[in-house]
Amino acid sequence: MKNVSMSRRRFLTASGVAGAGLLVSGCDALDAITQRGGHMRGILESAEWLTYRAQRLLVGESLAQEFTEADIRQPMRPNGVTHPQDADYLDLQAAGFESYRLAVEGLVERPLSLSLGDVRAMPARTQITRHDCVEGWSCIAKWTGVPLAAVLDRAGVRREARFVVFHCFDTIERSLAGEVKYYESIDMIDARHPQTILAYGMNDTLLPIENGAPLRVRVERQLGYKMAKYIRRIELVENYVDIGEGRGSYWADRGYEWYAGI
Ligand SMILES: Nc1nc2c(c(=O)[nH]1)N[C@H]1C(S)=C(S)[C@@H](COP(=O)(O)O)O[C@H]1N2
Ligand SMILES: [Mo]
């Protein structure tokens with residue numbers, strides 16, 4: 001499917017609410033999410049929910065478009081936080097991330113604490129894809145990393161798990177109310193999608209600080225803000241009501257859509 005966004009709109013216009021409901025009634029993965037996620041339940045009747053379900057139906061397990069080396073015509077533009085100033089991050093950075101550990105916790109059989117060496121020793125995947133920011137710009141870049149599915153399998157995801165939450169090092173907001181570190185979440189469909197990788201390489205170099213070193217996730221069928229950088233901890237949860245303000249994502253808690261399909 002080349003232009004998902006167009007197709008999605010056509011689908012919604014053509015079939016309407018009743019049609020969409022009938023079509024998705026047999027989809028177990030979605031039904032499970034509907035029942036379990038507090039927020040998902042809250043938006044059940046909303047436009048966002050329709051978009052989510054309609055798009056999930058249309059896109060299914062399909063791959064995002066991949067490009068060639070010749071399509072990489074620009075350096076990857078950094079956005080959002082580009083130089084975390086958090087003390088623990090600066091310490092790790094100063095030592096070349098030697099003592100960095102990726103924690104994988106929550107609803108898993110075997111909580112993990114992986115060094116970068118552990119992560120790089122796993123089978124890698126490289127893909128050249130387009131990054132679309134909600135602000136309206138795009139960049140094509142080459143990403144190398146380990147499929148998130150492989151890390152999840154190593155940890156053994158428990159059956160109750162419905163979402164993968166990314167907890168990041170960087171403080172994105174400082175106010176009188178306190179400091180907020182970036183967080184994001186995706187469903188198990190995206191988490192197990194073959195193009196969803198924990199990237200440590202970009203355009204044939206080590207992932208730069210600006211773009212999320214040492215590890216950032218690529219979720220190729222969604223907008224840029226879903227692609228958490230500076231990942232500190234991955235948590236498997238049944239719902240995300242207790243994360244941030246309860247909408248599963250720093251930007252969703254500030255009015256953007258949780259499901260940011262392209
Ligand atoms: N931890 C963290 N992840 C983040 C952000 C951020 O500020 N902090 N910004 C998001 C946004 S809005 C975009 S467009 C992309 C930018 O990725 P880039 O810096 O590699 O271009 O990262 C996303 N992930
Ligand atoms: Mo963005």
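Remarks
- Subset of the range 179-223 (residues that are hydrophobic (A, V, I, L, M, F, W, C) and not in a strand (DSSP E or B)): M188, I189, A191, L207, I209, A213, L215, V219, L223
- Residues being more than 11 Å from I72 (Cα to Cα) and among the charged types (D, E, K, R) - total across the range 119-143: 4
Each row is one residue, and each column tells you yes or no for (1) more than 17 Å from G117 (Cα to Cα); (2) crowded, with 20+ Cβ neighbours inside 10 Å; (3) in contact with an Asp or Glu (Cβ under 9 Å, 6 or more places away or on another chain).
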| residue | (1), (2), (3) |
| --- | --- |
| E210 | yes, no, no |
| L215 | no, yes, no |
| V219 | yes, yes, yes |
| Q222 | yes, yes, yes |
| K226 | yes, yes, yes |
| K229 | yes, yes, yes |
| I234 | yes, yes, yes |
| I243 | yes, yes, yes |
| W258 | yes, yes, yes |
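- Scanning the range 125-164 for residues that are among the small types (G, A, S) and touching a residue at least 60 places away in the same chain (Cβ under 8 Å) yields a total of 4.
- Beta carbons closer than 9 Å, at least 6 apart along the sequence or on distinct chains, pair a first residue in the range 90-111 that is modelled with pLDDT of 95 or more and among the polar types (S, T, N, Q) with a second that is surrounded by 13 or more Cβ atoms within 10 Å (Cβ to Cβ) and outside any loop (DSSP other than H, G, I, E, B) for Q93/I209; S99/L92.
- For the range 224-262, the set of residues classified as aliphatic (A, V, I, L, M), assigned to a loop (DSSP other than H, G, I, E, B) and more than 23 Å from I140 (Cβ to Cβ) consists of V241, I243, listed by residue number.
The values are calculated or read from the model by the stated rules, or taken from the named source; none is laboratory data. Just so it is clear, the model here is predicted, and its values are computed rather than measured. Here Cβ is always computed from backbone atoms with ideal geometry, including for glycine, and neighbour counts include all displayed protein chains.
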